[in-house]
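J.: Below is the structure I would like to discuss, written out as structure tokens.
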Amino acid sequence: MWRRLCSALRSLRGSPAAHPHGGAARPPAAMERAVVRCVPSEPKLSLRFVLPDGSARHMQRDQAEPLGRALARIATNAAKSHGKAGKKSKKARAEGGAEGEAAVPAVRLFSRDGAAVAEEVPNAAAWQDGAVLHIGEARYRVERNPPALTELRLPRSLLAGFPVCPKVSAEFAAPQHCLFRWFREQRPAGDGDAAGEVWVETAAAERVFTPSNALVGLRLKLRCTPGDGEQRYGPAREVESSGPVEAGPGACTFDARHLYTKKVCGNGSVRAVSYNILADTYAQTEFSRTVLYPYCAPYALEIDYRQNLLKKELAGYSADLICLQEVDKSVFVDSLAPALDAFGLEGLFRIKEKQHEGLATFYRRDKFSLLSQHDITFSEALLSEPLHKELCEQLAKYPLVQEKVLQRSSVLQVLVLQSTTDPFRKLCIANTHLYWHPKGGNIRLIQIAVAMSHIKHVACDLYPSIPVIFCGDFNSTPSSGTYSFISSGGIAEDHEDWASDGEEGRCSMSLSHPFKLLSACGEPAYTNYVGGFHGCLDYIFIDRNALEVEQVIPLPSHEEVTTHQALPSVSHPSDHIALICDLKWK
């Protein structure tokens, strides 16, 4: 028997994995599965198996418990199951109960090499991958923490010519190691209804699928097999789209820009994007539909529609850094993070307090690794952090302005990234969205002063002399005090923006910062174009001592922007325009 068991184990270990598209790699037919989930951070492990009579068992056992107790419980369960099965059989009852009393099976656990695991060994150490569980004559191969899908979802809106990026969440697996098979509905023949759903596999076997115009009117299905990158695959799951593929909008404002960004920059360069993507929480208000964007078709303001455009636009820029503003939390979690992850970008999100939107910064994984994150809320940092003490004391002299500053929920996202190819090259990436009100110039000056002090702390004190890239929607034109302060390094106490809210709201102070910053994309005529306003509000500021501009990707032409009167539109997903530039180290 031992020779047979050892021979079976050797053949199991030596046999090739199941064809990945066929689902899980399974043991020989005679060997059932015992699936163990054991996570160090949890006190219990779970054990799932099916007894010989077909009844499923799911046990929760303490990880520190001796194996013997778990085996004894399995034996008891097996005996009870056998007894219940016997009661259902009249023949078994006629033959008497002696057999039922002797039905408690021998339960043992053997390691991969065939040695019996001692009963005093803790469960966490005993239940290893490849071990064999004996329950009477039945044999079970232990699969410890096999790859498993916890969520598989397709977007609600599918457009021809636009990438479909599923949301894939897995345990003991990673989306990049999962296997994907895409199917389309079979179009019914003639006028009659199809006898039943028929799915035809497409040629696509990638995580992202772009449906062609030929698939308009048809639903899609995805089959995903989770994998861990070590030739272990879990059971496949399928998901069908809730609706059919619809026709796309035709030409978009970003199509011509993609001609400049077909490939990722080389290792010596960095492509940066800054983009206010228009939060759904603002786009879907009655005020937005009737006053701000009355020219925009209602369906083009829907988040599902706009997400199709945004994902195609952002993916097509082949960026190394993407700083986004007005990102709904649900959009980040369910849409942008999964989509951009499929294109090699890692994302981090910072929500504004009291609101449902915030900032998101993405970086290319094969170019950068994250060293640290230093996000702040301006109002909280101003009150609590010692480096803002002097500014806080000055602001206290102007209680009306102070109150407005402290009421704002604006945040600053700061990451320190390190090059994966040159560890001496580090970058401080900052992303923000300043207060929006036209009369809020004084508030923005306080916010940007806090931001520059915080960035100085990170880029000069914590990581001495690393270059800064500061992106965002600054809600400030090139003639503003905020722009002047960032680009010149200081602002006088008599600047007109200190009285932007009238003399009652005046606050006067001189500010300075040590950086030499340059607007990498210059001063475009506008980065925000709506019915009642257009102007330059968005910037990518770079450290001119360490970085230089290789190229600026041209903005859409005025004709493209105004094709549907203003932004957003059926061909552009936001009321802002993305800024894109290629930078290199000096």
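J.: Can you work out the FRET efficiency for the pair SER512 and GLN128, with r the C-beta to C-beta distance and R0 = 45 Å, to the nearest 0.05?
T.: Taking R0 as 45 Å, the efficiency between SER512 and GLN128 is 0.15.
J.: Give the carbon-plus-sulfur fraction of the accessible surface of the chain in %, rounded to a whole number; probe 1.4 Å, heavy atoms of protein chains only.
T.: 51
J.: Suppose R0 equals 35 Å. What FRET efficiency, 1/(1 + (r/R0)^6) with r the Cβ-Cβ distance, do SER242 and GLN373 give to the nearest 0.05?
T.: After rounding, the FRET efficiency stands at 0.45.
J.: Determine the gain in length on full extension of the stretch ALA297-LEU406; use 0.36 nm per residue of separation and subtract their C-alpha separation, reporting nm with one decimal.
T.: Between ALA297 and LEU406, full extension yields an extra 35.5 nm.
J.: May I pose another question? Which residues in segment 136-153 have a backbone N closer than 14 Å to a point placed 7 Å from the Cα of VAL121 along the Cα-to-Cβ line?
T.: Under 14 Å, as judged by backbone N against the label point of VAL121, lie 142-144 of segment 136-153.
J.: In what order, largest first, do ARG69, ARG408 sit by accessible area if the probe radius is 1.4 Å?
T.: The ranking, largest first, comes out as ARG69, ARG408.
J.: How much length is gained if the chain between ARG181 and THR150 is pulled fully straight, taking 0.36 nm per residue apart and subtracting their Cα-Cα distance, in nm to one decimal?
T.: So the chain would gain 9.4 nm between ARG181 and THR150.
J.: Suppose the chain between LYS389 and ASP113 were pulled fully straight at 0.36 nm per residue; how much longer would it get relative to their current alpha carbon spacing?
T.: Between LYS389 and ASP113, full extension yields 92.8 nm more.
J.: A follow-up question, please. Which value in deg cm²/dmol, rounded to the nearest 500, describes the helix-derived mean residue ellipticity at 222 nm for the chain, given -39,500 (n - 2.57) per DSSP H run of n ≥ 4 and division by the residue count?
T.: Helix-only estimate at 222 nm: -6000 deg cm²/dmol.
J.: Right, another one. Modelling each spin label as a point 7 Å along the Cα-to-Cβ direction, I'd like the HIS437/GLU504 distance in nm, to one decimal.
T.: 1.1
J.: Here is a further query. How long are the semi-axes of the ellipsoid equivalent to segment 328-426, from square roots of 5 times the Cα gyration tensor eigenvalues, in whole Å, largest first?
T.: Working through the eigenvalues yields semi-axes of 33, 19, 6 Å.
J.: Per-residue counts of other Cβ atoms within 10 Å, averaged by peptide: what ranking do you get for 501-509, 447-455, 531-539, highest first?
T.: 447-455, 531-539, 501-509
J.: Ok, one more. For segment 209-294, what's the radius of gyration and Dmax over Cα atoms, in angstrom?
T.: According to the Cα coordinates of segment 209-294, Rg and Dmax are 19.9, 56 Å.
J.: Once you place label points 7 Å from the Cα toward the Cβ at THR562 and VAL104, how far apart are they in nm?
T.: Modelled inter-label distance: 9.0 nm.
J.: Where Rh is the Kirkwood radius over the Cα pairs of segment 254-585, the temperature 25 °C and the viscosity 0.890 mPa s, what D in µm²/s does Stokes-Einstein return?
T.: 122
J.: Under the rule a/c < 1.5 gives rounded, and otherwise a/b versus b/c splits prolate from oblate, where does the chain land using the Cα gyration tensor?
T.: Here the chain falls in the prolate category.
J.: Solvent-accessible area per residue for segment 254-585 at a 1.4 Å probe radius, Å²?
T.: 39
The values are calculated or read from the model by the stated rules, or taken from the named source; none is laboratory data. The structure displayed is predicted, hence computed values, not measured ones. Quick reminder, even Gly has a Cβ in these numbers, built from the backbone with ideal geometry, and neighbours come from all protein chains shown. The area values use the complete protein model at the heavy-atom level, side chains included, leaving out ligands, DNA and RNA. Shrake-Rupley method; radii C 1.70, N 1.55, O 1.52, S 1.80 Å.
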